[in-house]
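The values are calculated or read from the model by the stated rules, or taken from the named source; none is laboratory data. Everything numeric here is computed off the predicted structure, so don't read it as measured data. So basically every Cβ, Gly included, is an ideal-geometry build from the backbone, and we count neighbours across all protein chains shown. Only protein heavy atoms, including side chains, enter the accessible area calculation; ligands, DNA and RNA are left aside. Shrake-Rupley method; radii C 1.70, N 1.55, O 1.52, S 1.80 Å.
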Amino acid sequence: MIPEEVENRIAKYFFHNYLPDEIMYELVDLLIPQCLNVEDENDLDQDGLVTEAVLILRDRLDGKSMK
């Protein structure tokens with residue numbers, strides 16, 4: 001089994017180096033306001049944020065190549 005920290009680091013690398021800029025901006029526009037509007041990180045619906053982001057990624061990357 002791959003440790004979660006290793007998976008997270010690989011995902012961050014991919015996210016910041018290979019995601020097309022327009023998709024990155026769309027995700028930032030989705031995530032930042034929701035993350036800034038909470039006082040305690042535990043109040044974030046992290047599963048919901050991941051689900052919304054994955055839906056955007058699937059929709060925007062369907063049939064497209066990376067950078």
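Where in the chain are there helices (runs of 4 or more DSSP H), lying wholly inside it, with at least 1 residues that are open to solvent by less than 90 Å² (accessible area, probe 1.4 Å) and touching a helix residue (DSSP H, G or I) at 6+ places or on another chain (Cβ under 7 Å)? Walk me through it before giving the result.
Numbers: elements: 4-18, 21-36, 46-61.
Those helices (runs of 4 or more DSSP H) span 21-36, 46-61.
Of the listed requirements (1) touching a Phe, Trp or Tyr at 6+ places or on another chain (Cβ under 9 Å); (2) touching a residue at least 24 places away in the same chain (Cβ under 8 Å); (3) aliphatic (A, V, I, L, M), residue 30 misses just one: (1). Scanning segment 11-25 for residues that are at pLDDT 90 or above and in contact with a Lys or Arg (Cβ under 7 Å, 6 or more places away or on another chain) yields one hit, 23. Given 2, 23, which one is aliphatic (A, V, I, L, M) and in contact (Cβ under 8 Å) with a residue 12 or more places away in the chain? Result: 23 is the single residue among 2, 23 that is aliphatic (A, V, I, L, M) and in contact (Cβ under 8 Å) with a residue 12 or more places away in the chain.
Against the test of being among the polar types (S, T, N, Q) and at pLDDT 90 or above, the options 8, 37, 42 yield a single qualifying residue, 8. Contact map, segment 41-52: residues that are more than 15 Å from residue 27 (Cα to Cα) paired with residues that are open to solvent by less than 90 Å² (accessible area, probe 1.4 Å), Cβ distance under 7 Å, separation 6+ or inter-chain. Pairs shown: 44/35; 44/38.
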